[in-house]
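Undergrad: Handing you this structure, nothing more for now.
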Amino acid sequence: MEIRLAGRTVLGYAPGAVHGRLPCPGARMSSPESRALRAAARRLSRDLAPLRFARPVTHVYDPLDYARRAHGAYIDAYGAGRKRVVFLGMNPGPFGMAQTGVPFGDVTQVRGFLGLQSPVARPPKEHPKRPIQGFDCTRNEVSGTRLWGAVAARFESPKRFFAEHYIANYCPLLFMEESGRNRTPDKLKAAEREPLFAACDRHLRRLVAVLEPEWVVGVGAFAEGRAREVLGDDVRIGRVLHPSPANPRAQKDWGGKAARELRDLGVCAAR
């Protein structure tokens, strides 16, 4: 069985399938960087649309498509200006970016700390065990709760954090098996990884060209590895512990451990 990212809907919306009633708070002017990031996201989504994935993958979600309004709101709000540090995740989680269009986008953190809420549509083919509810989703994305919670604790406001930092994902697609289990990009077959990684590599180069970071910090080993292979010596590259609930080392004080890793790298100073 093969799954194709097809059946894309006009403007990323499926009729009668829009979640989230409140617009993003406040009108935000787009910047040259945010316009470039939006264009890069659209291009990445188009590049990935023809790709096919065989079992055990049965469903593929592209939040750059069906949640493009929410993702664009994140870019417009926080993508302006050069960023000293870009944090790079692997790919969306089922209760994070898949629901909100925001990397590591736990609903509570996106609505509460980031102050964002936008309508979210549904993908053309929805997994019955992983429905898209947008900002009506009541489940937590643990990785996002830990990451954005740590950001909020240290910086207190999004404005202070995004003045020098940005968070993105290497791959925008969520892959699921029939059971609903996630299948991470590194576990895909080699013939499937090659065109996927090629498109994501091009997007990462565009992201870095737009934001001109001094550092790209992988959230976890996979993202660090892709950054090193794609960017080489163009930027300084590091890694922090992934906040996944599947990571035993992340179960206690993930924020404190990540802060110490960043200090050891020289990314940030001690407080």
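Please treat every number below as a calculation from the coordinates, not as lab data. All values derive from a computational prediction rather than experimental measurement. Quick reminder, even Gly has a Cβ in these numbers, built from the backbone with ideal geometry, and neighbours come from all protein chains shown.
Undergrad: Would segment 198-271 count as rounded, prolate or oblate if I go by the C-alpha gyration tensor, calling it rounded below 1.5 in a/c and otherwise prolate when a/b exceeds b/c, oblate otherwise?
TA: Oblate.
Undergrad: A follow-up question, please. Give, in nm to one decimal, the length gained when the segment between ARG228 and ARG139 is fully stretched (0.36 nm per residue of separation minus the Cα-Cα distance).
TA: 28.7 nm
Undergrad: So who's got an amide H within less than 5 Å of the one on GLY238, skipping anything under 5 residues away but keeping other chains? H placed 1.01 Å off N, in plane.
TA: Amide H neighbours of GLY238: VAL216, VAL217, GLY218.
Undergrad: When LEU88, LEU207, LEU196 are ordered from fewest to most other Cβ atoms inside 10 Å of their Cβ, what list results? Kindly include the intermediate steps, with their values, before the conclusion.
TA: Working: LEU88 27, LEU207 23, LEU196 19.
Lowest count first: LEU196, LEU207, LEU88.
Undergrad: Classify segment 92-149 from the C-alpha gyration tensor, please: rounded if a/c falls under 1.5, else prolate or oblate depending on whether a/b exceeds b/c.
TA: The shape class here is prolate.
Undergrad: What is the Cα centroid distance between segment 235-251 and segment 130-144, reported in whole angstrom?
TA: Using only Cα atoms, the two centres lie 21 Å from each other.
Undergrad: In a GNM of the chain with a 10 Å cut-off on Cα contacts, which of SER157, SER45, SER34 has the highest mean-square fluctuation?
TA: SER157
Undergrad: At 30 Å minimum axial length over the Cα atoms and a Kyte-Doolittle cut of -0.5, report the qualifying DSSP H helices in the chain, or say none.
TA: Working: long enough: 190-211 (31 Å, 0.21).
Helix filter hits for the chain: 190-211.
Undergrad: Could I ask something else about it? Under a crude label model (7 Å from the Cα following the beta-carbon direction), how far is ASP201 from ASN247 in nanometres?
TA: The modelled label-to-label distance comes out at 2.5 nm.
Undergrad: Is segment 33-265 best put as rounded, prolate or oblate by its Cα gyration tensor, with a ≥ b ≥ c the root eigenvalues, rounded for a/c under 1.5, and otherwise prolate when a/b is larger than b/c, oblate when not?
TA: Verdict is rounded for segment 33-265.
Undergrad: Then there is this: Which of the pairs LYS129/LYS189; LYS159/LYS187; LYS159/LYS257; LYS125/LYS252 have their Cα atoms more than 27 Å apart in this structure? Kindly include the intermediate steps, with their values, before the conclusion.
TA: Details: LYS129/LYS189 24 Å; LYS159/LYS187 36 Å; LYS159/LYS257 23 Å; LYS125/LYS252 37 Å.
In this structure, LYS159/LYS187; LYS125/LYS252 lie more than 27 Å apart at Cα.
Undergrad: Where in segment 251-270 does the label zone of ARG82 land, with the point 7 angstrom along Cα→C-beta and an amide N cut-off under 11 Å?
TA: Hits in segment 251-270 for ARG82 at 11 Å: none.
Undergrad: Still on this structure: Run the helix sum for the chain: -39,500 (n - 2.57) per DSSP H stretch of 4+ residues, divided by residue count, reported at 222 nm to the nearest 500 deg cm²/dmol.
TA: Taking each H run of at least 4 residues, the total per residue is -11500 deg cm²/dmol.
Undergrad: Can you tell which of HIS242, ALA209, CYS268 lies farthest toward the positive end of the dipole of segment 208-271, using +1 and -1 charges on the Cβ of basic and acidic side chains (Lys, Arg; Asp, Glu)?
TA: In segment 208-271, that residue is HIS242.
Undergrad: What nm distance separates the two modelled labels at ALA163 and GLU194, each placed 7 Å from Cα along Cα→Cβ?
TA: If labels sit at ALA163 and GLU194, their model points lie 4.8 nm apart.
Undergrad: Continuing with this model, one more query. With contacts defined as alpha carbon pairs under 8 Å and 6 or more residues apart, what's the relative contact order of segment 167-264 in percent?
TA: 18
Undergrad: Counting other beta carbons within 10 Å of each Cβ, put ASP65, ASP76 in order, fewest first.
TA: Numbers: ASP65 26, ASP76 20.
Ordered from fewest to most neighbouring Cβ atoms within 10 Å, ASP65, ASP76 come out as ASP76, ASP65.
Undergrad: Residue-wise, which Karplus ³J(HN,Hα) couplings in Hz belong to segment 169-179, taking 6.51 cos²θ - 1.76 cosθ + 1.60, θ = phi - 60°, and x for glycine or proline?
TA: For segment 169-179, the Karplus-derived couplings read 10, 5, 10, x, 9, 9, 10, 10, 8, 4, 6 Hz, x marking Gly and Pro.
Undergrad: Along the Cα→Cβ direction, 7 angstrom out, place labels at LYS125 and CYS268. What is the inter-label distance in nm?
TA: Once both label points are built, they end up 4.1 nm from each other.
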